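The values are calculated or read from the model by the stated rules, or taken from the named source; none is laboratory data. The structure displayed is predicted, hence computed values, not measured ones. Glycine also receives a Cβ, built like all others from the backbone with ideal geometry; neighbour counts cover every protein chain displayed.
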Amino acid sequence: MECMIRQTSAAVADWYTSAGFQPFGPTAEQVANIRSLEQELAVAINDKLAADDTAAAAPLAVDAARANADNANAVAAADVAAKIVAREKVLADPASTASDRANANADVEAAQAAVPATQLAGEVAIQTAVDAQKAAEREAKRLNDIAVRLAADLDIAQRQAGVQMPVDEIVFFPAVPIRVEQVNVCGR
């Protein structure tokens, strides 16, 4: 299609030139609009590529959040197990005092209380990473849509900016055949 438009534009330019007239090219406004659209498209493509990179990295962030949560949960469980072993040693030691036993029990209770908080913090981190992934994917799609729209606008603007034939130089005959009896030509 674009090749045909260029060929038609070139043919119209040749026709005007062969008749000794200057062809009507793109207006300054059309050229400025094309340059503006080209710049906007370049920015949109760059933004889209950056958003694509962010969206591509987002699953890794989700995996990292899951791994960190699993690790934190394992550490919390190991802490509980270590505190229980320590408490058993204190309880088995005949020299331990009531204060020692109370501290050992408190340590186990504190470690056990930290487990749900650790699990919840991990779930929050995972959900935050999943939400960030979804947002990155939406942003990549939005920027892709903008780039596609700008590319279409630029294509239209470029097609409309070829060598033009003013509408007042075209004659339309709604019915044929016709007979031309006289042609008067005025110079420009």
Subset of the range 111-158 [of a type in the set (Gly, Ala, Ser) and in contact (Cβ under 8 Å) with a residue 24 or more places away in the chain]: Ala111, Ala114, Ala121, Gly122, Ala125, Ala129, Ala132, Ala136, Ala140, Ala147, Ala151, Ala157
Every residue from the range 31-62 that is within 21 Å of Gln158 (Cβ to Cβ) and of a type in the set (Asp, Glu): Glu38, Glu40
Search result, residues across the range 1-33 that are closer than 19 Å to Val185 by Cα, not aromatic (Phe, Trp, Tyr) and not in a helix (DSSP H, G or I): Ala19, Gly20, Gln22, Pro23
Close pairs (9 angstrom Cβ cut-off, 6 or more residues apart or separate chains): among the basic types (Lys, Arg) in the range 60-81, surrounded by 15 or more Cβ atoms within 10 Å (Cβ to Cβ) and in a helix (DSSP H, G or I) anywhere: Arg66/Gly122; Arg66/Ala125; Arg66/Ile126; Arg66/Ala129
Enumeration of residues in the range 126-172 that are at pLDDT below 95 and among the acidic types (Asp, Glu): Asp155, Asp168, Glu169
Residue list for the range 111-139, restricted to those being in contact with a Lys or Arg (Cβ under 7 Å, 6 or more places away or on another chain) and not β-branched (Val, Ile, Thr): Ala111
Among (1) at pLDDT 95 or above; (2) of a type in the set (Gly, Ala, Ser); (3) surrounded by fewer than 13 Cβ atoms within 10 Å (Cβ to Cβ) - the single one Ala175 does not satisfy: (1)
Verdict on Lys83 being of a type in the set (D, E, K, R), assigned to a helix (DSSP H, G or I) and surrounded by fewer than 15 Cβ atoms within 10 Å (Cβ to Cβ): no
Scope the range 1-21; condition among the charged types (D, E, K, R) and surrounded by fewer than 13 Cβ atoms within 10 Å (Cβ to Cβ); matching residues: Glu2, Asp14
Answer from Ala129, Ala140, Ala152 - the residue that is surrounded by fewer than 16 Cβ atoms within 10 Å (Cβ to Cβ) and either not in a helix (DSSP H, G or I) or not charged (D, E, K, R) (or both): Ala152
